[in-house]
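Notes to accompany the following structure.
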Amino acid sequence: MNATAPTLSLPRRLVGVFVSPAQVFDSLRERPSWIVPLLFYIGVGLVLTLLIPESLVREMVETQMSQRGEVTSEQVDAAMKVARAFRFAGPVLWPVVQALAISGILFLVFNLFTGADARFAHYLAGTTHGLLIQALGAVVTTPLVVARQDLETRLSLALVALGLESGFLYNLLNAITIFGIWTAVVLGIAGSRLSRRVATGPAVGILLGLYGAWALVNAIMASLRGS
């Protein structure tokens, strides 16, 4: 990477992470910035939450509670009070937790394991920009959720598994989404450009491997729950 990589404006970074991520992360190496993309990610989540009818949330709560036994309407009403709180707290808290966790993983992989000298702030900047792809995924998926009246709707590899509706393989494919793969690739590019110790190909391979491991754990948990 050229040490004199040009500093990109905020609009160019927000667009560039989708079309030229290497250039964006080269710029962030010189001047890490993460607050605005994180706030943008949170804002998108809050707006999309308002588009999902509460009836869908209630239906999901009833389904989950009924799996544990017979429930009354009073119990569902009590659970909905909690669900309403998490419905709006989640889009605020989850992006922060997600960004910190992923940044920590990038720091461990590319600094502790390769001896890179990038600071945590660099990886936080790279992660918050990379997560904008997840924001785009939510924008694309939410209208499908509303149209199908199904909160479990997702653009995953399970869509191409014709005739497969349950079981471990279905759960594994369903855990791997199109936007998840895209995000992993971009975060791999971020790790490579920010650390300057690992080539892009291996860095992307590492992130795809970690994403695969995460999907595997989710598939195992979903299979144990019988979903």
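Restricting the calculation to Cα atoms, every distinct pair contributes to the Kirkwood radius of the chain, found to be 19.1 Å. In the calculated pair distance distribution of region 156-195, what percentage of Cα-Cα distances lie above 14 Å? Considering region 156-195, 53 percent of its Cα-Cα pairs are separated by more than 14 Å. With θ taken as phi - 60° and the Karplus curve 6.51 cos²θ - 1.76 cosθ + 1.60 applied, the whole-hertz 3J(HN,Hα) list for region 168-177 is 4, 4, 4, 4, 5, 5, 6, 7, 9, 9 Hz, x standing for glycine and proline. Once the Cα atoms are used to define both axes, helix 10-19 deviates from the longest principal axis of the chain by about 80 degrees.
Under a Gaussian network description of the chain, with springs only between Cα atoms under 10 Å, the residue in Gln75, Gln149, Gln134 that fluctuates furthest is Gln75.
Treating the angle as unsigned and between 0 and 90°, give the value, to the nearest 10°, between the Cα long axis of helix 132-148 and the longest Cα principal axis of the chain. The answer is roughly 20 degrees.
Fewest neighbouring Cβ atoms within 10 Å first, the residues Leu194, Leu108 line up as Leu108, Leu194.
The distance between label points at Arg148 and Leu136 comes to 2.1 nm (points 7 Å beyond Cα on the Cα→Cβ vector). On C-alpha positions alone, give me the angle between the axis of helix 35-51 and the longest principal axis of the chain, in degrees, nearest 10. The angle comes out near 20 degrees. Near Pro21, once Lys and Arg are set to +1 and Asp and Glu to -1 for all other residues with Cβ below 14 Å from its Cβ, the sum equals +3.
The smallest convex shape that holds all Cα atoms of region 41-81, its convex hull, gives 74 Å³ per residue. For region 86-93, 3J(HN,Hα) computed residue by residue from phi via the Karplus equation (6.51, -1.76, 1.60; θ = phi - 60°) reads 5, 4, 9, 6, x, x, 8, 7 Hz, glycine and proline entered as x.
Throughout, read-outs are computed from the coordinates displayed, never taken from laboratory work. It should be emphasised that the depicted structure is a prediction, and the values quoted were computed from it without experimental measurement. As a convention, Cβ positions derive from the backbone with ideal geometry for all residues, glycine included, and neighbour counts pool all protein chains shown.
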